[in-house]
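Just so it is clear, none of the values below were taken in a lab; they were calculated from the coordinates. Since we're looking at a predicted model, the values are computed, not measured. Cβ: placed from backbone, ideal geometry, glycine included. Neighbour counts: every protein chain shown.
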Amino acid sequence: MEEAARSLILAPAKAVNPRMKVVIKYPNWYEHFQGLGFSLEKEPALFDGLYTGTETRDPSGNQHLQPYLGYLIFRYFENLKPGGNGGGWVDTGGLPTMDRYAEQLWLTLFAKAPEITLFDIRQITRPVPSNLRAAWQDGQTSFDFDAMKAPIRLADGATYQPNMFARAAGVTFEQVDRFLGKLGEPVGVKSYKPCHSTGEDFLHNYVGMCGVPMDLAPEFPTDANMVFLAETARFDPDLVGKIKAHLMQGKQVMITSGLLGALQGKGIESIVEMQVTGRKAIVKDFRAGWGPTVEAGSEMVIPQIQYLTNDSWEEVSALDETNGWPILHSASYGGGTLYVLTIPESFTDLYHLPVAVLDRIRDTLCRDLSVRLHGPAEVSLFAYDNDTFIVESFRDEPVDVQVWAKNQTTALTDIISGQAVPARPLPQSPWQRVSGSMFEITLPPHSYRVFQAQR
């Protein structure tokens, strides 16, 4: 498609009008582009701009895309062509509820997309069926189905009864406009996905759904302190050398079990003596550090990983009767630390991990961010560089979470309501002393809250 773009699109267009701007719109399945002709390595430089398909529709639909993708894919494409990503593209297809349509729109805006295209005129002018009103709609949710369909009084005193998808988009945009200009630039845990790579497909979005703000880039982020690497990074033939160089600077790298297996025999053994055995374990009980045994929401299948005793250390363990397996593992190298995160065979089992396990993973990955999340999965954190952040729940029921903040944050201000959330001291333990503040937040189903940190 690179040659087709040059000879069939760009050259004829520029021949007619040299000032013409030609933009390439990419679909949402970015992990699989290399198998269908798209080149994220060559095409962004050829075209005058990009446009991003941010639609995720029903996560259980035939694409199986998690809601967080609507945010992450825009940020990834922005890193492909900084300043050249024109906006997000959302359609009305495959909706389990109307909330899902609104979520796609505001996630695109949380990523700081400069504009959104609503596809298409036929879709957005069709009536909203009543069966798209979710069961949780009576719970003060961010998207209000009944308010969206409420009559509108016109200038001549008449009323209009809205019933089109366009009105749902309008209500969503009006709400986000109240705070979007107060958000800084998005920040997150740096991760590296080389062009034309695949492996542990779309895993970064599952991690984002577990409360870790992700920032995906096509180059190894040498400027970051913590770097997260999934199996896609194996497509870089110099990856082990880059990991070593990063660790020798006293920095941290977290790799997944999938990447560990892919790097076996390719030099990873010179950093840590660990091996993905090919055997599996069925587990439900876990222990984080010196804490008590905690139970997952369901049994899950994990790869069995072996390591040399005292060469590296388990920080979170999965318990298998009288045996056990590492879930979060650490190894010192030079002045830095390599972490290995075991990924369940089914990625959605990440959502069933106990809160204590998720908290330990987030504390490790998000140590350089000014805020981090504690609580169950399917709650996401969107952080910005001006001490603002958004917490959003994708759960079907209300949820209580904690936000841990650094830098002596004394209170949080809810930007939408103006409500102040007071700080509480962080919990301490005999083996760990932590500093900062804690804030307790309640979220209705499929809703978000926007905060400004106060000091």
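The helices (runs of 4 or more DSSP H) found wholly in segment 1-83 and carrying at least 3 residues that are hydrophobic (A, V, I, L, M, F, W, C) and more than 21 Å from the chain's Cα centre (by Cα) occupy 11-16. Looking across segment 144-199 at every residue that is among the acidic types (Asp, Glu) and part of a loop (DSSP other than H, G, I, E, B), the one that is surrounded by the most Cβ atoms within 10 Å (Cβ to Cβ) is identified as 144. For segment 278-293, the candidate set comprises residues that are among the aliphatic types (A, V, I, L, M) and surrounded by 16 or more Cβ atoms within 10 Å (Cβ to Cβ); within that set, the residue that is farthest from residue 348 (Cα to Cα) is 288. Taken over segment 1-39, residues that are under 24 Å from residue 61 (Cβ atoms) and either among the aromatic types (Phe, Trp, Tyr) or surrounded by fewer than 17 Cβ atoms within 10 Å (Cβ to Cβ) (or both) amount to 12.
Please work out which residue is nearest to residue 205 (Cα to Cα), limiting yourself to segment 25-41 and to residues that are among the hydrophobic types (A, V, I, L, M, F, W, C) and in contact with a Cys (Cβ under 9 Å, 6 or more places away or on another chain). Per the stated criteria, the residue is 33.
Which of the residues spanning segment 339-356 are crowded, with 21+ Cβ neighbours inside 10 Å, touching a strand residue (DSSP E or B) at 6+ places or on another chain (Cβ under 7 Å) and under 15 Å from residue 379 (Cβ atoms)? If the condition is that a residue be crowded, with 21+ Cβ neighbours inside 10 Å, touching a strand residue (DSSP E or B) at 6+ places or on another chain (Cβ under 7 Å) and under 15 Å from residue 379 (Cβ atoms), then 353, 354 are the ones that fit. Among the conditions (1) over 28 Å from residue 183 (Cα atoms); (2) loosely packed, with under 12 Cβ neighbours inside 10 Å, residue 94 misses just one, which is (2). Flag: residue 234 matches the condition of being charged (D, E, K, R) and surrounded by 20 or more Cβ atoms within 10 Å (Cβ to Cβ).
For first residues located in segment 142-164 and touching a residue at least 40 places away in the same chain (Cβ under 8 Å), partners that are in a loop (DSSP other than H, G, I, E, B) and surrounded by fewer than 16 Cβ atoms within 10 Å (Cβ to Cβ) and lie 6+ apart or on another chain with Cβ distances below 6 Å form the pairs 164/125.
Check segment 40-50 and report whether any residue there is in contact (Cβ under 8 Å) with a residue 24 or more places away in the chain and surrounded by 24 or more Cβ atoms within 10 Å (Cβ to Cβ). No, every residue in segment 40-50 fails to be in contact (Cβ under 8 Å) with a residue 24 or more places away in the chain and surrounded by 24 or more Cβ atoms within 10 Å (Cβ to Cβ).
Among residues that are of a type outside the set (A, V, I, L, M), surrounded by fewer than 20 Cβ atoms within 10 Å (Cβ to Cβ) and closer than 27 Å to residue 172 by Cβ, residue 88 is not included.
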